[in-house]
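Asks: Dropping the structure in here first, questions after.
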Amino acid sequence: MARSALIENATLLAEARVGGRRRRDDSFPPIAPGPGRSCGAGPLSVPRLACGAGSATIGGASISDFVPVPRYPATISSRLPQVGTTIFTVMSRLANECGAINLSQGFPDFSAADALFELVARHMRAGHNQYAPMAGAAPLREAIAAKVEELYGARYDPEAEITVTAGATQAIFTAVAAMVHPGDEVIVFEPVYDSYVPSIELNGGTARYARLRFPDYRPDWSEVRALVSPRTRMIIVNTPHNPSGTVWSAADMEELERITRDTGIVVVADEVYEHIVFDRNTRQCRHESAARYPALAERTFIVSSFGKTYHVTGWKIGYVLAPRELTTEFRKAHQYIVFAVNHPVQLALAEFVAQRERYLGLADFYQAKRDFFRAQLEGSRFRLLACAGTYFQLAGFEAIADEPDVAFAERLTREVGVAAIPVSVFYREPVDHKVIRFCFAKSENTLAAAGERLRRV
């Protein structure tokens, strides 16, 4: 089964159950659904039209007043025939319906600093509300260059080698669109973030899958070497890694550097969690950006995200670092995919980035949340896997239930009131280690409430 088909199968959370059956476990204590919400065993509920004794109405108007939209009269040949609604949308929708605590989708439930909002408002009032330059506002690109040089010792030219994007997903898609030709192959690492493979397939490429080794989710470089062929155009890497929380080592980056040396392979390094690396004092752990390795940086699109760094995921703003030759090709595609990114937000971020403590303190901020959440699960039957970075915690549930992780995640949401992501959906073929992913980018009150429910499981 293709990985995209597996994601489509995740709609059993909203439609069919595994094999048409639902397995229940008496040790799973049911809880009352949230106020005013229906959370039974059936499919996700859909709001119904208001129907009284007369005709049905919408907003006070008779349904007969509405002309139905005509149906498309031909057969659609889908570019992504196996792809359905993403698991993140499915689980968040289910959490909302059930009134569950949503630890599934990766976004904070707390706000960014007021100072950032005030900066955005100031630039809006100053009239910076028209298109930004295609490559990004110059002050922001200059601030990014200074930050990267300080952190990683690499000097990128703000004019020719830094591009501001509408988030990391757009950046990755654009890099693929700029470099991958029909018939090219792209190596990805499973469990793989869900946007990578559709980006490859929409641009005519073919994904080749290397598997991170369970339970520490480390790459097997001999497997990667075996996948490299004359058709290999790109390798996409992600560190710190979503969903596992694994942080790649210097040895990993050096091995990637050796594999790609003297080839035409380009690398996309998804580094959106670059500032969320834990245990730096006890294990000397750090983020190994591709920018630290000159022979790797010369062939790499490095992708980062202000949304992850400053708790504003809804703003969808990120950036790409790449040598000028790669940036030239990237911008050819970028200008027709999105052209420009929110102007006043860019100018505000240019000032905010200068406050180094904002991003340098992020690891300690999230490490405290990781430790707090793990403490909430002490005494539970969940088995916590190592978490060296990101704001995700994997947990094994094999001591609780013997059922597919997708079914378990659904039941956890409906009956316990905590939503999580089943890790099997990040694989092309069904790989079920009985592991789910929690997001701990939440307030302590939220994490404590979730912990209280999870300890009862």
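Since every read-out is calculated from the coordinates, none of them should be taken as a lab result. Predicted model only: the values in this text are computed from it and were never measured. In this analysis, Cβ positions are derived from the backbone assuming ideal geometry, glycine residues included, and neighbour counts consider all displayed protein chains.
Asks: Explain nothing, just the number: dipole magnitude of the chain about its Cα centre with +1 on each Lys and Arg Cβ and -1 on each Asp and Glu Cβ, in debye rounded to the nearest 20.
Replies: 840 debye
Asks: Between ARG155 and SER222, how many nm apart are label points set 7 Å from Cα along the C-beta direction?
Replies: For ARG155 paired with SER222, the spin-label model returns 4.3 nm.
Asks: Okay, moving on. Assign one of three labels to the range 114-355, namely rounded, prolate or oblate, based on the Cα gyration tensor with a ≥ b ≥ c the square roots of its eigenvalues; rounded applies when a/c is under 1.5, prolate when it is not and a/b is larger than b/c, and oblate otherwise.
Replies: prolate
Asks: Going by a ≥ b ≥ c, the root eigenvalues of the Cα gyration tensor, does the range 180-231 fall in the rounded group (a/c under 1.5), the prolate group (a/b larger than b/c) or the oblate group?
Replies: It comes out oblate by the Cα gyration axes.
Asks: Within the range 348-457, report the trypsin sites (Lys or Arg not before Pro) that DSSP leaves as loop and that have at most 14 other Cβ atoms within 10 Å.
Replies: In loop regions of the range 348-457 (DSSP not H, G, I, E or B), the sparsely surrounded trypsin sites (Lys or Arg not before Pro) are ARG356, ARG456.
Asks: Put a dot 7 Å past each Cα toward the Cβ at SER443 and ARG292; how far apart are the dots in nm?
Replies: 3.6 nm
Asks: Just want the ordering: ARG71, ARG125, ARG231, from fewest to most Cβ atoms lying within 10 Å of their own Cβ.
Replies: Least to most surrounded, the residues fall as ARG71, ARG125, ARG231.
Asks: So, one more: Within the range 100-185, which chymotrypsin sites (Phe, Trp or Tyr not before Pro) sit in a loop by DSSP and count at most 13 neighbouring Cβ atoms inside 10 Å?
Replies: Loop-located and lightly packed - PHE110, TYR131.
Asks: Report the calculated FRET efficiency for VAL67 and TYR131 (r = Cβ-Cβ distance, R0 = 41 Å), to the nearest 0.05.
Replies: For VAL67 and TYR131, the calculated efficiency is 0.65.
Asks: Going through the range 145-229, which trypsin sites (Lys or Arg not before Pro) have at most 12 other Cβ atoms within 10 Å and a DSSP loop state?
Replies: Listed in order of number, the matching sites are ARG155.
Asks: Rank-order 289-301, 250-262 by packing density, defined as the average count of other C-beta atoms within 10 Å over each peptide's residues, highest first.
Replies: Ranked by mean Cβ neighbours within 10 Å, highest first: 289-301, 250-262.
Asks: I would also like to ask the following. Tell me the angle of helix 444-455 to the major Cα principal axis of the chain, expressed in degrees between 0 and 90 and rounded to the nearest ten.
Replies: 50 degrees
Asks: Which lysines have a Cα lying under 28 Å from the Cα of LYS369, excluding residues fewer than 8 positions away in the same chain?
Replies: LYS147, LYS308, LYS316, LYS434, LYS442
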